[in-house]
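The values are calculated or read from the model by the stated rules, or taken from the named source; none is laboratory data. Note that the structure is predicted; figures quoted are calculated from it, not measured. FYI the Cβ positions are ideal-geometry reconstructions off the backbone, even for glycines, and counts take in every protein chain you see.
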Amino acid sequence: MWTFLLYAIAAFFAILAGFSLILDKEIQTGFVIFCSSVAAFTFWRARKRSKINLGDPAQKPLESLEDQKPPKTSSTQNAQVSESPDLKDEKENSMAVAKFEFQIKRGVVDVDGCEQETIELIEKAKTLCQSGDIDEACNLILDSMDFEFDWEGLDSDASEIIEDPEAYSHNCDASNTSVSVGVDGDDLIITATTQFAANAAEGVGPEEIQEFLEENGGWAGGYLSGGWMWAGSDGDNIWLVELNGEAVEIN
């Protein structure tokens, strides 16, 4: 703005000087000064307008700057909704879990051909039972036991009730196994019950699972021992106790 005022004042005095010379009869010189002043002022205004029109960003009106902004879009426009990891995991883990119990009832321990360590363990357990330390004898036996179950030991293909049936094993402890012991003459008698789980086949119900186990010798798939053999028992058995978190009662 100050530049404009300086130009205007200079032009004013130049024009005034030109008129004065004209009035003093020096027409040619005054006319030249007058025309030069008008031309200079006109050139300055034309140059200033050209800057605005050619697009100096600092001189552009606000409307033109707004026009250059990209169109506003919603942050959710064209967004693809994906499931959270927790939801995916929940769907992937929605397969029903079947929990089983395997039991050997009143098994008679046979140590013939067993390692010396196993023979000594059985003798110690019998001594504890005879002295009335039943709980200690139970803990001694429990700590030595392992469980194995092989679905291929059944008479039919277990995939009818189990998803991807595979051999299973675990070390026995108080969290998965209960044990009771006693003596009968010189024999150690053990009843042991252990629990294990497997994924049930899709759509199978508790009655179907239990019926399959009974008809296909489910008991034959399991073995529960601490390194000794069994001379006999009142029977091995397996049954379903829970399906997908719900207790099962089989008549």
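Kindly indicate which of Val108, Val179 is over 46 Å from the mean Cα position of the chain (by Cα), modelled with pLDDT of 95 or more and not in a helix (DSSP H, G or I).
On the way: Val179 fails: over 46 Å from the mean Cα position of the chain (by Cα).
Answer to the selection: Val108.
Any residue that is hydroxyl-bearing (Ser, Thr, Tyr), in a loop (DSSP other than H, G, I, E, B) and closer than 21 Å to Val111 by Cβ - is there at least one of those in segment 212-228? Steps first, answer last, please.
Filtering segment 212-228 down to residues hydroxyl-bearing (Ser, Thr, Tyr) leaves 223, 225.
From the residues that got through so far, the ones that are in a loop (DSSP other than H, G, I, E, B) too are none.
Within segment 212-228, not a single residue is hydroxyl-bearing (Ser, Thr, Tyr), in a loop (DSSP other than H, G, I, E, B) and closer than 21 Å to Val111 by Cβ.
From the set of residues in segment 148-176 that are part of a loop (DSSP other than H, G, I, E, B) and in contact (Cβ under 8 Å) with a residue 40 or more places away in the chain, which is nearest to the chain's Cα centre (by Cα)? Give the derivation first.
At the first step, the residues of segment 148-176 found to be part of a loop (DSSP other than H, G, I, E, B) are 150, 154-157, 161, 163-167, 172-176.
Next, from what is left, pick out any that are in contact (Cβ under 8 Å) with a residue 40 or more places away in the chain: 150, 154-156, 161, 163, 172.
Values: Asp150: 31, Leu154: 36, Asp155: 38, Ser156: 36, Ile161: 28, Glu163: 22, Cys172: 31 Å.
So, considering only residues that are part of a loop (DSSP other than H, G, I, E, B) and in contact (Cβ under 8 Å) with a residue 40 or more places away in the chain, the one nearest to the chain's Cα centre (by Cα) is Glu163.
Restricting the first residue to segment 189-200 and requiring it to be closer than 16 Å to Asp143 by Cβ, which pairs with a second residue that is among the aromatic types (Phe, Trp, Tyr) and buried (at least 16 other Cβ atoms within 10 Å of the Cβ) meet a Cβ separation below 7 Å and a spacing of at least six or different chains?
Thr194/Phe102; Thr194/Phe147
Mind listing just one residue for me: the one in segment 126-165 that is under 17 Å from Thr177 (Cβ atoms) and out of contact with any Ser or Thr (no Cβ under 9 Å at 6 or more places or on another chain) and, of those, surrounded by the fewest Cβ atoms within 10 Å (Cβ to Cβ)?
The initial filter retains those residues of segment 126-165 that are under 17 Å from Thr177 (Cβ atoms), namely 134-149.
With out of contact with any Ser or Thr (no Cβ under 9 Å at 6 or more places or on another chain) added as a condition, the list becomes 135-136, 139-141, 143.
Working: Asp135: 10, Glu136: 15, Asn139: 16, Leu140: 18, Ile141: 26, Asp143: 14.
Of everything passing the filter in segment 126-165, Asp135 is surrounded by the fewest Cβ atoms within 10 Å (Cβ to Cβ).
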